[in-house]
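The values are calculated or read from the model by the stated rules, or taken from the named source; none is laboratory data. Source: prediction; values computed, not measured. Every residue, glycine among them, receives a Cβ derived from its backbone with ideal geometry; neighbour counts consider all protein chains shown.
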Amino acid sequence: MVAHVATVAFLGLEARGVEVQVQIAAGLPKFLVVGLPDKAVAESRERVHAALAAIGLSLPPKRITVNLSPADLPKEGSHYDLPIALGLLAAMGAIDTETLAGYLAVGELGLDGRVAPSPGVLLAAMHASARSLGLICPAAQGPEAAWAGDVEIVPAPDLIALLNHFRGSAVLRPPEPGEAALDGPGPDLAQVKGQETAKRALEIAAAGGHNLLMTGPPGAGKSLLAACLPGILPELTPSEALEVSMIASVAEALSDGRLIRSRPFRAPHHSASMVALVGGGLRVRPGEVSLAHLGVLFLDELPEFQRSALDSLRQPLETGTVSVARANAHVTFPARVQLVAAMNPCDRVAFLLPGVPLDSRRPKPECQQLQGNDLPARLKRRRRELRLFQREAAQRIGVAADTYLNWETGRRTPPTQYQHSIERFLTARVP
């Protein structure tokens, strides 16, 4: 006899149907799992064996074969534990096989028979709804699965409760959809004092969906302005909220089955690798650009990111998707983001920004290193070289020394008619 249980395999945000076929035949005692399983699926034999023993059932001393069909599709994850256990129970006669034919099962098993949460339950529920099937899932993820709409949800806390449910002795109550996740109030753009030009640019970017690059000295408020952007973007529509929540479900970032209703804001560290940004890994998971789908991806200290990591963002920004190619699979994640980047000015252009002292740059390249142990003499020499440099700069630009000093200290902003002279002077002096 062969028992059949429906489940799914996750490829990006796509759930593909998988049939778990369990056969108990005469032969030497052996437990085989075939059908391109990864290590987590292969180890499910031990978890299923221990879980059945915990509820007082032992496997028969026969040859047990579990086939995950289609055999050419890679199977990854621990959510195959529950369908394999249900297939064994059906093959042993503990559950009616016709009853299981109307359900799709996902869930990880503990050694004591509990059904533990597993990623991707919302995607599995959407797939079950499209196939007019019910869904057997962990009880903790029942509210998450209920967002799929018109689908029968069986939230199983453990195998004993699931057996009693199908026998009719203790029916499990269907869960209610989890409440929408309402994040705490983020930074409000109205509370930002000053920076009127930057705030205007932020409003234009929000209205048109434009990407934004902010350049300014440390402490100017670049990170705060970027964090204010999600607050002035339109709210997610119900379909967009479901799409964002599906990505979070695959990444195991959906808490308590709450649907995400606010725009995502992701700010990866500048040491993040290419895989962390666009996704991938041994078990393909969405990266930061996909987790920021329909929201804001903020890259602070932009020049500090790896060149390969920045280059990998070209395709997502152009197409709105991320494609991760493997030898036996091709996974696609959505990645429609609004990119906001921030950087500190480099030495070449720091002088063009008000409030940035010019002496933060190196003086004349031909200046020799200060020598000697006489500190007052060294300071005097340093001041003298700095004054000479300031006079030369003022003369080359064509302004008075006092005017140049006001620009250098940030008390005045260089007029636009002098910017060409300033750029030419800096280009000539800085290698």
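Considering the stretch 245-261, and only residues there that are in contact with a helix residue (DSSP H, G or I) (Cβ under 8 Å, 6 or more places away or on another chain) and among the small types (Gly, Ala, Ser), the residue that is modelled with the lowest pLDDT turns out to be Gly257. Of the residues Leu229, Leu163, which single one is touching a residue at least 24 places away in the same chain (Cβ under 8 Å), surrounded by 15 or more Cβ atoms within 10 Å (Cβ to Cβ) and in the same structural domain as Ala124 (by TED's automatic domain parsing)? One residue alone meets the criteria, Leu163.
The set of residues from the stretch 388-406 being without any contact (Cβ under 8 Å) to a residue 24 or more places away in the chain and among the aromatic types (Phe, Trp, Tyr) comprises just one member, Tyr404.
Yes/no per residue for (1) farther than 28 Å from Arg326 by Cβ; (2) modelled with pLDDT under 90:
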position: Ala226; (1), (2): yes, no
position: Glu240; (1), (2): yes, no
position: Phe265; (1), (2): yes, no
position: His270; (1), (2): no, no
position: Val275; (1), (2): no, no
position: Gly281; (1), (2): no, yes
position: His293; (1), (2): no, no
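The requirement of being at pLDDT 90 or above and more than 30 Å from Leu122 (Cβ to Cβ) is not satisfied by Leu159. Taken residue by residue, the stretch 194-202 has at least one member that is polar (S, T, N, Q), surrounded by 14 or more Cβ atoms within 10 Å (Cβ to Cβ) and not assigned by TED's automatic domain parsing to the domain that holds Leu52. Sub-9 Å Cβ pairs linking a first residue in the stretch 94-107 that is more than 24 Å from Gly77 (Cβ to Cβ) to a second residue that is at pLDDT below 90, at least 6 apart or interchain, are Thr97/Met1, ordered by first then second residue. Which of the numbered conditions does Val192 fail, given that it passes all the others? Conditions: (1) β-branched (Val, Ile, Thr); (2) over 18 Å from Leu104 (Cβ atoms); (3) modelled with pLDDT of 90 or more. Every listed condition holds for Val192 apart from (3).
Listed by position, the helices (runs of 4 or more DSSP H) enclosed by the stretch 68-144 that each have at least 1 residues that are within 17 Å of Arg16 (Cβ to Cβ) and within 29 Å of the chain's Cα centre (by Cα) are 81-91, 121-130.
Considering (1) in a loop (DSSP other than H, G, I, E, B); (2) closer than 17 Å to Gly186 by Cβ; (3) at pLDDT 95 or above, the lone condition that Leu297 does not fulfil carries the number (1).
Just one of Ala207, Ala181 is at pLDDT 90 or above and either under 30 Å from Arg285 (Cβ atoms) or of a type outside the set (S, T, N, Q) (or both); which is it?
Ala207
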